[in-house]
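Here the structure is laid out as C-alpha coordinates; the discussion comes afterwards.
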Amino acid sequence: MPPPLPSPAEPVSALRRIPIAECGQPLVDFQALCPELLLDRPRYRYQRETLLRRTVAERLCAANRRLPSGYRLAVIEGWRAPHIQRRMYLATWNWWKARHPQWSDAALRRVVNRFTAPPDHRRVPPPHTTGGAVDVMLATAGGTSLDHHSPYEAFDPRSYPMNALELSEEARRTRSLLAEALGAAGLTNYPSEYWHWSYGDQGWAYRGSRAQAIYGAVEPENWNPRPEEISDDPLETA
Ligand SMILES: [Zn+2]
(Lines give C-alpha, C1' and ligand atoms only; values in the text may rest on other atoms or scores of the structure.)
Protein backbone atom coordinates (compact mmCIF):
# COMPACT_ATOMS: atom_id res chain seq x y z
CA MET A 1 0.00 0.00 0.00
CA PRO A 2 1.44 3.42 -0.88
CA PRO A 3 1.60 6.00 1.93
CA PRO A 4 -1.65 7.97 2.28
CA LEU A 5 -1.40 11.48 0.92
CA PRO A 6 -0.29 13.99 3.53
CA SER A 7 -3.07 16.20 4.73
CA PRO A 8 -3.28 19.42 2.76
CA ALA A 9 -4.88 20.98 5.82
CA GLU A 10 -1.93 22.31 7.75
CA PRO A 11 1.51 21.72 6.28
CA VAL A 12 4.48 22.76 8.42
CA SER A 13 5.69 24.71 5.37
CA ALA A 14 2.63 26.98 5.67
CA LEU A 15 2.61 27.20 9.48
CA ARG A 16 6.25 28.31 9.58
CA ARG A 17 5.33 31.49 7.70
CA ILE A 18 2.92 32.57 10.44
CA PRO A 19 4.70 34.76 13.00
CA ILE A 20 4.02 34.25 16.68
CA ALA A 21 3.42 37.45 18.66
CA GLU A 22 3.54 35.83 22.09
CA CYS A 23 1.01 37.57 24.34
CA GLY A 24 2.44 36.19 27.58
CA GLN A 25 -0.84 34.88 28.93
CA PRO A 26 -0.23 32.27 31.66
CA LEU A 27 -1.29 28.64 31.74
CA VAL A 28 -4.12 27.85 34.14
CA ASP A 29 -5.51 24.59 35.52
CA PHE A 30 -8.62 24.05 33.41
CA GLN A 31 -10.17 21.71 35.96
CA ALA A 32 -9.84 24.27 38.73
CA LEU A 33 -11.27 26.99 36.46
CA CYS A 34 -14.11 24.80 35.17
CA PRO A 35 -14.86 21.75 37.35
CA GLU A 36 -17.64 20.68 34.97
CA LEU A 37 -15.00 19.56 32.45
CA LEU A 38 -14.24 15.86 32.62
CA LEU A 39 -10.76 14.45 32.27
CA ASP A 40 -11.04 11.65 29.72
CA ARG A 41 -9.06 8.42 29.99
CA PRO A 42 -5.36 8.74 29.07
CA ARG A 43 -4.22 7.42 25.70
CA TYR A 44 -0.59 7.01 26.79
CA ARG A 45 1.09 6.19 30.08
CA TYR A 46 2.56 9.35 31.58
CA GLN A 47 1.64 12.07 34.03
CA ARG A 48 -0.75 14.44 32.25
CA GLU A 49 -0.95 18.09 33.23
CA THR A 50 -4.33 19.84 33.25
CA LEU A 51 -3.14 23.15 31.85
CA LEU A 52 -4.26 25.48 29.08
CA ARG A 53 -3.85 29.18 28.32
CA ARG A 54 -6.45 31.06 30.32
CA THR A 55 -8.52 32.18 27.32
CA VAL A 56 -8.61 28.65 25.91
CA ALA A 57 -9.75 27.22 29.26
CA GLU A 58 -12.47 29.89 29.48
CA ARG A 59 -13.66 29.14 25.95
CA LEU A 60 -13.72 25.43 26.65
CA CYS A 61 -15.83 26.10 29.71
CA ALA A 62 -18.19 28.24 27.60
CA ALA A 63 -18.41 25.44 25.01
CA ASN A 64 -19.30 22.98 27.74
CA ARG A 65 -22.17 25.21 28.83
CA ARG A 66 -23.47 25.37 25.25
CA LEU A 67 -23.94 21.61 24.99
CA PRO A 68 -27.47 20.22 25.15
CA SER A 69 -28.27 18.90 28.62
CA GLY A 70 -27.00 15.41 29.25
CA TYR A 71 -23.60 16.03 27.65
CA ARG A 72 -20.19 17.16 28.88
CA LEU A 73 -16.83 17.82 27.32
CA ALA A 74 -14.17 15.26 28.18
CA VAL A 75 -10.64 16.60 27.83
CA ILE A 76 -7.91 14.18 26.85
CA GLU A 77 -5.05 16.67 27.01
CA GLY A 78 -4.23 20.36 26.82
CA TRP A 79 -0.69 21.60 27.38
CA ARG A 80 1.96 18.96 26.77
CA ALA A 81 5.60 19.06 27.85
CA PRO A 82 8.18 19.12 25.03
CA HIS A 83 9.86 15.89 26.18
CA ILE A 84 6.48 14.12 26.13
CA GLN A 85 5.85 15.47 22.62
CA ARG A 86 9.20 14.01 21.54
CA ARG A 87 8.36 10.59 22.98
CA MET A 88 4.87 10.66 21.45
CA TYR A 89 6.32 11.48 18.02
CA LEU A 90 8.65 8.49 18.32
CA ALA A 91 5.75 6.21 19.33
CA THR A 92 3.76 7.37 16.28
CA TRP A 93 6.80 6.89 14.03
CA ASN A 94 7.27 3.32 15.31
CA TRP A 95 3.54 2.55 14.90
CA TRP A 96 3.59 3.47 11.19
CA LYS A 97 7.02 1.95 10.55
CA ALA A 98 5.92 -1.42 11.99
CA ARG A 99 2.95 -1.48 9.61
CA HIS A 100 4.80 -0.19 6.54
CA PRO A 101 8.46 -1.22 6.84
CA GLN A 102 8.99 -0.60 3.12
CA TRP A 103 8.24 3.14 3.30
CA SER A 104 11.22 5.50 3.02
CA ASP A 105 11.97 7.82 5.95
CA ALA A 106 10.72 10.76 3.88
CA ALA A 107 7.40 9.02 3.20
CA LEU A 108 7.11 8.02 6.85
CA ARG A 109 7.85 11.56 7.99
CA ARG A 110 5.09 12.99 5.79
CA VAL A 111 2.55 10.62 7.31
CA VAL A 112 3.76 10.84 10.91
CA ASN A 113 3.82 14.66 10.77
CA ARG A 114 0.15 14.57 9.87
CA PHE A 115 -0.75 12.83 13.13
CA THR A 116 1.88 14.11 15.54
CA ALA A 117 3.64 17.46 15.35
CA PRO A 118 7.41 17.24 14.84
CA PRO A 119 8.88 18.09 18.24
CA ASP A 120 11.88 20.23 17.36
CA HIS A 121 10.93 22.57 14.52
CA ARG A 122 12.52 25.95 15.18
CA ARG A 123 9.60 28.05 13.95
CA VAL A 124 6.63 25.75 14.44
CA PRO A 125 6.23 24.72 18.08
CA PRO A 126 4.02 21.65 18.49
CA PRO A 127 0.52 23.01 19.16
CA HIS A 128 0.12 21.28 22.51
CA THR A 129 3.33 22.85 23.82
CA THR A 130 1.75 26.30 23.39
CA GLY A 131 -1.21 25.68 25.71
CA GLY A 132 -3.47 26.76 22.84
CA ALA A 133 -4.43 23.27 21.63
CA VAL A 134 -6.70 20.77 23.30
CA ASP A 135 -7.79 17.23 22.54
CA VAL A 136 -11.41 16.92 23.55
CA MET A 137 -14.33 14.60 23.01
CA LEU A 138 -17.93 14.33 24.12
CA ALA A 139 -19.28 12.26 27.03
CA THR A 140 -22.59 11.87 28.79
CA ALA A 141 -23.17 13.98 31.89
CA GLY A 142 -22.32 10.86 33.90
CA GLY A 143 -18.95 10.55 32.16
CA THR A 144 -19.58 7.73 29.69
CA SER A 145 -17.71 8.15 26.39
CA LEU A 146 -19.86 8.53 23.30
CA ASP A 147 -19.42 6.98 19.87
CA HIS A 148 -17.25 9.26 17.73
CA HIS A 149 -15.83 6.76 15.24
CA SER A 150 -18.04 3.75 14.39
CA PRO A 151 -18.00 1.68 12.22
CA TYR A 152 -14.22 2.08 12.61
CA GLU A 153 -12.20 1.04 15.64
CA ALA A 154 -11.12 4.04 17.72
CA PHE A 155 -7.47 3.68 16.68
CA ASP A 156 -8.17 3.31 12.95
CA PRO A 157 -6.62 6.34 11.20
CA ARG A 158 -9.42 6.27 8.63
CA SER A 159 -11.74 7.51 11.38
CA TYR A 160 -9.53 10.48 12.34
CA PRO A 161 -10.54 13.21 9.85
CA MET A 162 -13.53 15.28 10.89
CA ASN A 163 -15.17 14.44 7.56
CA ALA A 164 -14.21 10.72 7.62
CA LEU A 165 -16.05 8.65 5.06
CA GLU A 166 -18.90 6.28 5.87
CA LEU A 167 -19.25 7.12 9.54
CA SER A 168 -22.31 5.81 11.34
CA GLU A 169 -25.20 8.18 11.94
CA GLU A 170 -24.41 8.13 15.66
CA ALA A 171 -20.73 9.00 15.22
CA ARG A 172 -21.65 11.85 12.86
CA ARG A 173 -24.12 13.22 15.37
CA THR A 174 -21.60 13.09 18.23
CA ARG A 175 -19.04 14.94 16.12
CA SER A 176 -21.48 17.58 15.06
CA LEU A 177 -22.55 18.30 18.66
CA LEU A 178 -18.87 18.61 19.59
CA ALA A 179 -18.11 20.85 16.62
CA GLU A 180 -21.10 23.13 17.18
CA ALA A 181 -20.22 23.79 20.82
CA LEU A 182 -16.49 24.29 20.31
CA GLY A 183 -16.90 26.29 17.11
CA ALA A 184 -19.40 28.65 18.74
CA ALA A 185 -16.88 29.21 21.55
CA GLY A 186 -14.26 30.34 19.03
CA LEU A 187 -12.07 27.25 18.85
CA THR A 188 -11.17 25.80 15.45
CA ASN A 189 -10.60 22.21 14.43
CA TYR A 190 -7.58 20.60 12.82
CA PRO A 191 -9.51 18.74 10.13
CA SER A 192 -7.22 15.68 10.12
CA GLU A 193 -8.19 14.93 13.75
CA TYR A 194 -11.77 15.50 14.85
CA TRP A 195 -10.68 15.73 18.52
CA HIS A 196 -7.95 18.38 18.12
CA TRP A 197 -9.08 21.99 18.60
CA SER A 198 -7.22 25.18 19.23
CA TYR A 199 -7.24 28.88 19.84
CA GLY A 200 -4.30 31.27 19.52
CA ASP A 201 -1.68 28.90 18.07
CA GLN A 202 -0.33 28.86 14.49
CA GLY A 203 -2.91 26.28 13.39
CA TRP A 204 -5.71 28.53 14.60
CA ALA A 205 -4.16 31.50 12.77
CA TYR A 206 -3.80 29.43 9.59
CA ARG A 207 -7.39 28.16 9.68
CA GLY A 208 -8.75 31.65 10.24
CA SER A 209 -6.38 33.43 7.79
CA ARG A 210 -5.02 35.56 10.65
CA ALA A 211 -1.76 37.42 10.23
CA GLN A 212 -0.21 36.04 13.41
CA ALA A 213 -0.54 33.59 16.26
CA ILE A 214 -0.56 34.78 19.87
CA TYR A 215 0.72 31.66 21.64
CA GLY A 216 4.18 30.13 21.24
CA ALA A 217 5.73 27.31 23.24
CA VAL A 218 5.45 27.89 26.98
CA GLU A 219 6.25 26.10 30.21
CA PRO A 220 4.52 26.48 33.57
CA GLU A 221 6.35 28.50 36.20
CA ASN A 222 8.41 26.45 38.65
CA TRP A 223 7.69 23.34 36.67
CA ASN A 224 9.40 20.13 37.67
CA PRO A 225 8.82 17.20 35.35
CA ARG A 226 9.05 13.74 36.85
CA PRO A 227 12.57 12.44 36.17
CA GLU A 228 11.36 9.07 34.81
CA GLU A 229 9.41 10.88 32.06
CA ILE A 230 12.46 12.66 30.68
CA SER A 231 13.51 9.74 28.56
CA ASP A 232 14.28 8.93 24.96
CA ASP A 233 11.90 5.98 24.89
CA PRO A 234 8.68 6.14 22.90
CA LEU A 235 5.54 6.54 25.03
CA GLU A 236 3.58 3.39 25.76
CA THR A 237 -0.13 3.28 25.17
CA ALA A 238 -2.24 3.19 28.31
ZN1 LIG B 1 -4.03 17.30 19.75
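The values are calculated or read from the model by the stated rules, or taken from the named source; none is laboratory data. Note that this is a predicted model, so its numbers are computed, not measured. Note that each Cβ is placed from the backbone with ideal geometry, even for glycine, and that neighbours are counted across all protein chains shown.
Need pairs with beta-carbon distance below 6 Å; first residue at negative phi and within the stretch 180-204, second within 13 Å of the ligand (Cβ to nearest atom) and of a type in the set (D, E, K, R); sequence gap 6+ or separate chains. These pairs meet every condition: S192/R114; W195/D135; H196/D135; G203/E10.
Residues that are crowded, with 17+ Cβ neighbours inside 10 Å, under 23 Å from L182 (Cβ atoms) and not aliphatic (A, V, I, L, M) within the stretch 44-71 comprise R48, E49, T50, R53, T55, E58, R59, C61, N64, Y71, listed in sequence order. Residues that are within 23 Å of P26 (Cα to Cα) and not β-branched (V, I, T) are absent from the stretch 156-170.
Test D135 against the stated conditions and say whether it is within 19 Å of L39 (Cβ to Cβ), within 16 Å of the ligand (Cβ to nearest atom) and of a type in the set (D, E). The answer is yes for D135. Exactly one residue among A32, A57, A14, A91 is under 24 Å from N163 (Cα atoms) and of a type outside the set (S, T, N, Q), and that residue is A14. For the condition touching a His at 6+ places or on another chain (Cβ under 7 Å), at pLDDT 95 or above and not basic (K, R), T188 does not qualify. The requirement of being part of a helix (DSSP H, G or I) and within 16 Å of the ligand (Cβ to nearest atom) is fulfilled nowhere in the stretch 161-171; no residue meets it.
Apart from one condition, T174 fits all of (1) within 23 Å of L27 (Cβ to Cβ); (2) touching a Leu at 6+ places or on another chain (Cβ under 6 Å); the exception is (1).
Residue count for the stretch 208-222 under the criterion of being closer than 18 Å to S13 by Cβ and under 15 Å from the mean Cα position of the chain (by Cα): the result is 0.
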